[in-house]
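K.L.:
Please see the structure below; I have some questions.
The values are calculated or read from the model by the stated rules, or taken from the named source; none is laboratory data. What you see is a predicted model; the values in this text were computed from it and never measured. Note that each Cβ is placed from the backbone with ideal geometry, even for glycine, and that neighbours are counted across all protein chains shown.
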Amino acid sequence: MTVVAPGFYYRLPALAQDLLVTAMGAAHRWRRNDPGEQRRFLEYLRAQDLRSAEQRQDAQWGFLRETLRHGCREIPYVQRLQRDVGFEPDDVRSLEDLARLPILTKAQVKDNPGDFLPRNRNLRGTVRSQTSGTTGTPMTSWYSRTAFARQWACVSLLREWHGVSDGLLPHRIQLTGSPVLDPARSNRRPFRWNHAARTMVVPVNAVGPEAVGPLLEAIRNWGRAEVMEGYPSALYSLALLGKSADIEGPQIPLMITTAEKLTPTQRVVLQEYFGGRVVDQYAFSEPGVFVGECEKGKLHLFPESGLMELLPLEGKVLVPGGLARIVTTSFHNTAQILLRYDTGDLARVAEHPSCECGRETLTIDSIEGRQSDLLRIETGSGIRYLTPALLSTAYYGFPAIFRGQIVQVAPGALDVSVELTRPFGEDEMQALLNRFGVICGTDLQVTIRVTDEIPLGAAGKFRAVIPWEGPK
Ligand SMILES: [Zn+2]
């Protein structure tokens, strides 16, 4: 949400700001979302959730053929494919059929965005969104209101899996990058209300040592928060600020993290501090295929949101527990159709695909971060790969580490910077070095240094891992 004319807005009293935040929130919701469709699709998903694997697969492939039919009518890229490859939407019934279509790269979409939009360019009622590229290459996407509504229906169902009674409209704390508070002023109330959405809107940049006390007290006094949502790093820094100020954490039954990799340390600290359950969610930003964590802690694809193909890395084979590239075909977004889109993200293939929760949908063990963040390690003993997710486990069991950044400075050397909440003892530093040795292998040269502040990357995103890009 963007607050218009911040100068004007910032001069208003807090209660008036609440009203404006509510109004802007409602306008935003109507412009981008289709609340009626969100409710309908949520009801559909609730019913699907109880159906058999075959029934859900039928629905999934039905949506796929509908997407292909729409593409053949409207989208130049799909029309060209139909001509060149010669497929009929109604005949596409298996992954083998689909595999006749080429993989689509991010570069193709960036270079020729018009190729993936409806031929008549009737984009009325669609929303353009700029996704922040973590490595500084943003991409423009177009969403239809239906696509947006259906994605939020998936989020709503995920909330209900974890005990929220009305997934559409829970009492919610939203940690956001939205500038709803003047960062230049100290605010006695470090959040604003979006009354219509029952949401306490907390701007991440306003939460510091001074604001954390009043904020946590307000959450406790409200006493109704069912779920807190935001980047894991934002939730985590709130918990750490509260802990270091010796404030007891208010109880929050559910925390849903999104967009960044949730580390094991973050999960444990959040669970301990707020007493609730931490659930990870992954909605691939451009196409909107949805993956959410179930009651048993496993990540499931929502098959009605799209197809997710797990493909081997170049020169490798796919094995249980191994790494895979994530290629998605999302349904529902008639404003921009991306078939077999290479998301650039990596998954760990499920070691045991079935889940105790009983859902027979596709599962994965984890999202391992961007393929572009994969470290290719080269030492005397050969070449191997380290994923951001694996590296993040290095900080596990070191509560003094607020966050860390790993920069690969040479094929066989890492510089690790850590921000601490209290000084490190020498034994802790040695233990951390040993931990890196266990994870990365002792042939890798690792240097650790303590720093006051790790700089943010493009679009204000924190980068936990930066691979070597060759000699400068
Ligand atoms: Zn499950």
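Let's see how each residue does on (1) in contact with a helix residue (DSSP H, G or I) (Cβ under 7 Å, 6 or more places away or on another chain); (2) among the β-branched types (Val, Ile, Thr); (3) part of a strand (DSSP E or B):
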position	(1), (2), (3)
GLU229	no, no, yes
LEU235	yes, no, no
ASP246	no, no, no
GLU260	yes, no, no
GLU272	no, no, no
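K.L.:
Are any residues in segment 26-36 of a type in the set (A, V, I, L, M, F, W, C) and either touching a residue at least 12 places away in the same chain (Cβ under 8 Å) or buried (at least 16 other Cβ atoms within 10 Å of the Cβ) (or both), and if so, which ones? Talk me through it step by step, then tell me what you get.
P.N.:
Looking only at segment 26-36, we keep the residues that are of a type in the set (A, V, I, L, M, F, W, C), and these are 26-27, 30.
Hit for segment 26-36 is ALA26, nothing else.
K.L.:
Look through segment 380-399, keep the residues that are touching a Pro at 6+ places or on another chain (Cβ under 8 Å) and surrounded by fewer than 17 Cβ atoms within 10 Å (Cβ to Cβ), and return whichever of them is farthest from PHE424 (Cα to Cα). First the steps, then the outcome.
P.N.:
Just the residues of segment 380-399 that are touching a Pro at 6+ places or on another chain (Cβ under 8 Å), to begin with: 392-393, 396.
Then keep just the ones that are surrounded by fewer than 17 Cβ atoms within 10 Å (Cβ to Cβ); that gives 393, 396.
Working: THR393: 18, TYR396: 15 Å.
Going through the qualifying residues, I end up with THR393.
K.L.:
Also, I was wondering about something else. Just checking, which of VAL291, VAL319, VAL327 is within 16 Å of the ligand (Cβ to nearest atom), in contact (Cβ under 8 Å) with a residue 12 or more places away in the chain and in the same structural domain as CYS154 (by TED's automatic domain parsing)?
P.N.:
On the way: VAL319 fails: within 16 Å of the ligand (Cβ to nearest atom); VAL327 fails: within 16 Å of the ligand (Cβ to nearest atom).
Going through VAL291, VAL319, VAL327 in turn, the sole match is VAL291.
K.L.:
In addition: Considering only segment 300-316, how many residues are more than 26 Å from GLU66 (Cβ to Cβ) and within 16 Å of the ligand (Cβ to nearest atom)?
P.N.:
Restricting attention to segment 300-316, the residues satisfying the condition of being more than 26 Å from GLU66 (Cβ to Cβ) are 312-316.
From the residues that got through so far, the ones that are within 16 Å of the ligand (Cβ to nearest atom) too are none.
Of the residues in segment 300-316, 0 are more than 26 Å from GLU66 (Cβ to Cβ) and within 16 Å of the ligand (Cβ to nearest atom).
K.L.:
Next question. Return the pair list, or none, for Cβ contacts closer than 8 Å from residues in segment 8-25 that are part of a helix (DSSP H, G or I) to residues that are surrounded by 13 or more Cβ atoms within 10 Å (Cβ to Cβ) and among the charged types (D, E, K, R), at least 6 apart or on different chains.
P.N.:
Taking only residues 6 or more apart or on different chains, the pairs are TYR10/ASP182; ALA14/ARG189; ALA14/ARG192; GLN17/ARG192; ASP18/ARG192; VAL21/ARG192.
K.L.:
Can you tell me how many residues in segment 414-472 are assigned to a helix (DSSP H, G or I) and in contact with a Gly (Cβ under 6 Å, 6 or more places away or on another chain)?
P.N.:
Let us first name the residues in segment 414-472 that are assigned to a helix (DSSP H, G or I), namely 426-440, 458-460.
From what's left, in contact with a Gly (Cβ under 6 Å, 6 or more places away or on another chain): 458.
The number of residues fulfilling the criteria is 1.
K.L.:
Just need a number here: residues in segment 353-394 that are in a loop (DSSP other than H, G, I, E, B), within 16 Å of the ligand (Cβ to nearest atom) and not hydroxyl-bearing (Ser, Thr, Tyr).
P.N.:
Counting residues in segment 353-394 that are in a loop (DSSP other than H, G, I, E, B), within 16 Å of the ligand (Cβ to nearest atom) and not hydroxyl-bearing (Ser, Thr, Tyr) gives 8.
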